[in-house]
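The values are calculated or read from the model by the stated rules, or taken from the named source; none is laboratory data. As the structure is a prediction and not an experimental result, all values here were calculated from the model. Positions of Cβ are generated from backbone atoms using ideal geometry, with glycine treated the same way; all protein chains shown enter the neighbour counts. The protein model used for the area step is the full one, side chains on, heavy atoms only, and it has no ligands, DNA or RNA in it. Shrake-Rupley method; radii C 1.70, N 1.55, O 1.52, S 1.80 Å.
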Amino acid sequence: MSEQKKKWDDRLNPLYFPLFTAIPVEIWLTLKSSSFSGVEATLYIIGVLFLIFAGAVETDSEEGKHRAIGYIYLLSALTFGSIGLFKWLT
């Protein structure tokens, strides 16, 4: 039973949660052709803040895998934030 639980714990690791939630939403909003409405701009900001939070938490970890993914989250937050700001200003 413990091996089966370990398999599920590896699949449902909270480390990967932003990969399935924030990053697809940010990509969808970035590739959207029309300008942001109020709700979409708020969703975009919340997604970037979530990536910053997840990246900051994961870079504080001792494991190398967690740190690497944390830096990926921080880099993607920086990228999406700058693209969103550019898209909003133009």
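A few points about this structure:
- Residue count for region 73-90 under the criterion of being open to solvent by less than 100 Å² (accessible area, probe 1.4 Å) and of a type in the set (Phe, Trp, Tyr): the result is 2.
- Annotation note: Cβ proximity below 6 Å between a residue of region 40-53 that is under 13 Å from Ser76 (Cβ atoms) and in contact (Cβ under 8 Å) with a residue 40 or more places away in the chain and a residue that is open to solvent by 70 Å² or more (accessible area, probe 1.4 Å) and of a type in the set (D, E, K, R) (sequence gap 6+ or interchain) occurs for no pair.
- Within region 40-58, the set of residues being aliphatic (A, V, I, L, M) and open to solvent by 60 Å² or more (accessible area, probe 1.4 Å) comprises Leu43, Ile45, Ile46, Leu49, Ile52, Val57.
- Within region 16-31, one or more residues are open to solvent by 30 Å² or more (accessible area, probe 1.4 Å) and at pLDDT below 85.
- Given (1) open to solvent by 40 Å² or more (accessible area, probe 1.4 Å); (2) within 25 Å of Asn13 (Cβ to Cβ); (3) in a helix (DSSP H, G or I), index of the condition Gly70 fails: (1)
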